[in-house]
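Asker: First, the structure itself, so that you have it in front of you.
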Amino acid sequence: MTAGPSPLGRGAVARLGLAQLIGWGISFYLPGALGEAIVSAQGWSRSQVYGGLSAALCCMALLSPLAGEWIDRYGGRRVMCAGACCNALGCLIIAGSTHIPVYYLGWLVLGVGMRLTLYDALSTSLAQGAREQAREAMARVTLLGGLASTVFWPLGQGLLQVFGWRSALCVYALFALACLPLLRSVPGAGERSSRDGPVGGPEPRNAVWLAGPLFTLMTMLTSFLSAGLSAHLPGLLDGLGSAGGWSVGVAALWGFGQLCARFVDMLYGARLPVLLHSLLAAACLPVSLAIGWLGGAQAWLAALFVFGYGAANGLAAIVRAGLPLVLFGAQGYGARVGRLLLPSYVLSAIAPLAYAEAHERLGARPTLGISVGIGVAIVSAALALFFVARSGMRDSAVRSLET
């Protein structure tokens with residue numbers, strides 16, 4: 001039994017999925033492919049180079065509430081096309097940088113583009129245009145987008161070997177501009193102004209005040225893991241000694257894991273309530289990380305760890321898109337979610353630097369051990385949210401029957 005038809009046509013799904021693949025590949029996964037080459041070529045410290053992603057994530061945090069309001073007001077199509085232009089400009093600035101301030105300026109511009117083009121912007125746009133079908137639409141779109149690391153880590157390495165890191169970034173800028181026609185498929189032109197009031201939709205279904213903080217805590221910790229591991233996974237695999245010079249190839253299984261998990265979710269995910277879906281996705285995180293922590297010195301266990309973590313991370317992206325609609329409703333979705341996600345961007349900004357320091361001072365295995373602890377905290381937050389949200393929904397149902 002498969003899920004019902006997507007609110008987007010197959011062509012639109014493919015185009016938006018390809019735009020997400022490119023957007024993630026040229027931004028979030030850029031340090032994993034080109035970071036070490038920049039360190040070697042420029043003589044900058046690893047913390048300085050990987051700190052560029054942290055600067056971008058700080059920019060995303062500051063921009064998050066505004067980005068949600070812009071999508072509510074102007075529509076996702078216009079906002080995401082503007083973000084693609086920022087991605088291209090950011091890559092070009094980084095490519096031309098010879099000093100740290102210019103390098104960081106490029107990352108700040110890239111951070112603006114990332115907030116306006118990646119999954120959070122897309123899920124807000126789909127919530128605006130697809131409403132209750134946003135979760136299903138997001139699952140289909142992210143199916144292709146989940147291959148970003150699988151495609152762009154090896155592609156970046158290939159461009160690096162042939163052209164060098166500066167020219168590779170110029171090619172990345174061309175990829176960003178290629179997203180413009182693809183993003184024409186984003187639903188909703190967003191002609192409403194925020195002065196006319198919030199975007200229409202059902203009232204929030206769960207007014208329990210703990211739901212917001214728990215959702216924020218869960219996304220904060222998940223984003224911290226994702227940002228830290230995406231920037232350092234090839235290096236961590238090298239540190240475990242399991243990859244045998246094929247660390248980039250093994251790390252690319254992350255994207256394959258995301259693809260497989262999202263394909264299964266597309267087929268069967270509609271059968272699961274969103275709250276249970278979020279709990280299962282959270283539970284997969286510490287299990288996969290523990291495999292890498294305890295058995296990562298063996299190549300097949302390292303591959304299983306990367307694949308499993310990629311699968312868990314892929315499901316988490318779908319949950320992040322669909323859960324706020326269940327908890328809070330569609331009314332004013334963009335602005336509300338933008339505020340809730342601000343702390344997750346702040347913590348994500350710290351992650352690449354924190355992982356760089358942990359890897360350098362403690363080594364690969366202890367760094368993964370810390371990651372397991374974070375995964376357990378995510379499961380705890382997801383479990384608490386599950387019970388809090390169910391309690392709030394039962395109370396709402398009772399009140400509606402009484403009236």
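Read the figures in this text as sums done on the coordinates, not as results from a lab. Keep in mind the model is a prediction, meaning the values are calculated, not measured. Every residue, glycine as well, gets a Cβ built from its backbone with ideal geometry; the counts of neighbours run over all protein chains shown.
Asker: As an exercise, use a Förster radius of 25 Å and the Cβ-Cβ distance of Ile100 and Glu357 to find the FRET efficiency, rounded to the nearest 0.05.
Answerer: Details: r = 18 Å, r/R0 = 0.72.
Once the sixth-power term is evaluated, E becomes 0.90.
Asker: Whole-Hz ³J(HN,Hα) for each residue in the range 173-184, computed from phi via Karplus 6.51 cos²θ - 1.76 cosθ + 1.60 with θ = phi - 60°, x for glycine and proline: what do you get?
Answerer: Ordered by residue, 3J(HN,Hα) equals 4, 5, 4, 4, 5, 5, 6, 4, x, 5, 6, 5 Hz.
Asker: Which one of Ile374, Leu341, Tyr355 has its Cα pushed farthest toward the positive end of the charge dipole of the range 313-394, where Lys and Arg give +1 and Asp and Glu give -1 at the Cβ?
Answerer: In the range 313-394, that residue is Leu341.
Asker: Rank Leu62, Cys91, Leu21 by how far each Cα sits towards the positive end of the charge dipole of the range 8-101 (+1 on Lys, Arg Cβ; -1 on Asp, Glu Cβ) and give me just the farthest.
Answerer: Checked the options; the winner is Leu21.
Asker: Along the range 25-30, what does the Karplus equation 6.51 cos²θ - 1.76 cosθ + 1.60 (θ = phi - 60°) give for ³J(HN,Hα), rounded to whole Hz, x for Gly and Pro?
Answerer: Taking θ as phi minus 60°, the curve returns x, 8, 10, 4, 9, 4 Hz for the range 25-30.
Asker: Would you mind working out the magnitude of the charge dipole of the range 1-93 relative to its Cα centre, with +1 at each Lys and Arg C-beta and -1 at each Asp and Glu C-beta, to the nearest 20 Debye? Could the numbers behind the result be given before it?
Answerer: Values: 6 positive and 3 negative charges, 55 e Å.
Around 260 debye, computed over the range 1-93.
Asker: Packing-wise, with mean Cβ within 10 Å as the measure, how do 26-32, 286-292, 371-377 rank, highest first?
Answerer: Numbers: 26-32: 27.0, 286-292: 22.0, 371-377: 18.6.
The peptides rank, most packed first, as 26-32, 286-292, 371-377.
Asker: If you don't mind, another one. Using a Förster distance of 25 Å, how high is the FRET efficiency between Leu301 and Leu280, based on the Cβ-Cβ distance and rounded to 0.05? Let's see the in-between values first.
Answerer: Working: r = 22 Å, r/R0 = 0.89.
Here the calculated transfer efficiency is 0.65.
Asker: Magnitude of the Cβ-charge dipole of the range 77-158, K/R +1 and D/E -1, about the Cα centre, nearest 20 debye?
Answerer: 160 debye
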